[in-house]
Amino acid sequence: MHGMLRALVLVVALAGSACTTLPQGKREAAAHIAVAARSTELVCERADACATPSPLRELGEQAFAASAPDAPRHHALLLDYGQDALLARLDLIRGAQRTIDLQTYIFDEDDSGHLVLEELLAAARRGVQVRVLVDQLSALRTVETLSALAGAHTNFELRIYNPLLGRARISYPQYALAAACCWRRLNQRMHGKVLLVDGLVGITGGRNYQDDYFDWNASFNFRDRDVLIAGPAVLEMEENFIAFWHAPLSRPVEQLADVGRHLLRHGVPEVSFRDYARPTRVAAVSADASDGALIRQRLVDAAVEVGEIEFIADLPGKHRRDPEYAAAASTATPRLRELIESTERELLLQTPYLVLSKPAEQMFADMRARPEPPQVIVSTNSLAATDSFITYALSYKYKRRHLRDFGFHIYEYKPFPTDAPIDLELTGAVGISWNTDGSVNLDAPGNGVATTRDEALAARPPTAPPLTREYSALRYAGIGVNRRVPLQRAGVRIGLHAKSMVIDDRVGVVGTHNFDPRGDNLNTESAIVVHDPDFAAQLATSIRRDIAPENAWTIARRDRPVILPGVDYSMAKMSERLPVFDLWPTRYATSYEFVPGPDCPAPLPPDDPGFRQCYTPVGDFPEVSIGWRSLLTRIFTAFGAGLVPIL
């Protein structure tokens, strides 16, 4: 039945495929409509484009003034809180005097997305040259919006990266067609994220432009991390952006078939981006961004002065057909592996999806085989916290390998961490109450938040739309893949999305790479590498906060069965290696909760002799009300190995 349905979908897609492209003449006519409609009016004639004073932009000026050709100086600022990340962006956009370049994977049409669009258009009207580059599969939601932006202002340009079928947006049948004809190209996505202002200051990291990344979602938010860099390294970031901007796969939005047809039929629409769902919250953050003293206190004063900074990034040539050309353009993964292999004592690795490629597995196995192997500490998502069910299922399959063969210490993020850098009051969740220790009381009765399992299931929001999916290749794979699992209680769920690492307390890395096969082979990725112990210590403190017992479960070997423990282990290991019939009922590892007491004053690593005295097992999937999904987990555990290349 499912095969017939897929065949029918493909037939429909093929039938409509003739209408997916515009003839050259109509494409030129549509582009002419957009260009002719663009306003040339400027609200400012000053050389600085009437920019407001920006304390963060000033960091860039200071860094360049202090730098010499052979001795660069930088300021580096970790952006852990979503609200700080949004404030930094608004401050820089308002302070831009010449150029703003924005590159991202997801750009949503919610409050944060609309606010940033309004700020970018306001900068363009002041006289700032604004360029926005968005990946096709996660570009803005409507053709109407894209058409409006195509003709908004002469200083504002929007391009779409890798537009399959020559369109800015694709429907499910068109997605099926693209999957059937061009599976590899469908999976080749631009995952880099940068905001660059005047060649002085840049931001990169895990955050996309969507409420979930700025603590503005009432049900689910990402615990993410960006880094702001001020100084000469921004010129390298700018050079990489320009390479993507002029790449053959980057197309002006007005040249794409669906936007072009809309322009030909309706002209450039008048679209306002001020239809905010929560205008009071938007007004508050907008006011904060105008408060220079606040920006200095919360952001500028927290920046670290550093010297050498690397910006490592893939080039768009990674998506070329020529294997040698593509390999030469794939620079992020090799450099990240060099950094990991340089670890002598300890590697702190944080990734939302613990799925390793074969070369990465071999690298960690080789590190484990050293006479004095370094300790690898991994911060990642639990099933209760993740936004990608299938990726967790595959990670679950290989826990024995991760723990025993590679020696990882794994900490899985809780869905309701009690000490996370999330501003819960900004999420919009109703009835939040607080415990005496300052943590959120997620179980308080009568506070307007569902507390029973039935209430939680009834209150659960519908499946998030495809735009939110980082794993674009699995976008239409079904609810078993895309819907977050139901939990035993309700509240504002938090999922880990940060991609960072610290090497021997001397090097800190913040970027877009999930340290997974997609980042290795399919996505284009980037990262900032800071060679400075003070910055590394600050980043390490941030990651260690995420793996603290109040925020994460410890993954460790479960107690061995009393009967035939060796047989159980051997059978489980053999079953794990089979790509299809991985159905052995017991697993090597499970989740543990720290239980403090007189004999357990502080958390212990899972290989400490006293670990079991201080930790209690809480099951493989704590907090999850999984029901029938347990069967689905087994299915993906059994068959998931074949999905490693696209995960």
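Only the coordinates and a few stated rules stand behind these numbers; no lab work does. Computed from a predicted model, the values in this text were never measured in an experiment. As a convention, Cβ positions derive from the backbone with ideal geometry for all residues, glycine included, and neighbour counts pool all protein chains shown.
Points to keep in mind about this one:
- Rounded to whole numbers, the Karplus 3J(HN,Hα) couplings from phi for the stretch 378-387 are 10, 10, 8, 7, 7, 4, 5, 9, 5, 9 Hz, using 6.51 cos²θ - 1.76 cosθ + 1.60 with θ = phi - 60°, and x at Gly and Pro.
- Taking a sphere under 13 Å around the Cβ of Tyr325 and counting the other residues whose Cβ falls inside, with K and R at +1 and D and E at -1, yields a net charge of 0.
- Neighbourhood charge, 12 Å Cβ-Cβ cut-off, centred on Glu238 and excluding it, Lys, Arg +1 and Asp, Glu -1: -2
- Between the C-alpha center of the stretch 271-319 and that of the stretch 27-86 there is a gap of 11 Å.
- Under 9 Å, Cβ to Cβ, from Thr554 - net charge with Lys/Arg +1 and Asp/Glu -1: -2
- Convex hull volume per residue in cubic angstrom - Cα atoms of the stretch 240-361: 260
- DSSP-assigned coil residues among trypsin sites (Lys or Arg not before Pro) in the stretch 209-292, each with at most 15 further Cβ atoms within 10 Å: Arg274
- For the residue pairs Lys26/Lys318; Lys318/Lys397; Lys399/Lys499; Lys26/Lys193; Lys318/Lys399, the alpha carbons lie more than 27 Å apart in Lys26/Lys318; Lys318/Lys397; Lys26/Lys193; Lys318/Lys399.
- As a calculated quantity, the FRET efficiency between Arg185 and Asp505 at R0 = 41 Å, using C-beta atoms, amounts to about 0.50.
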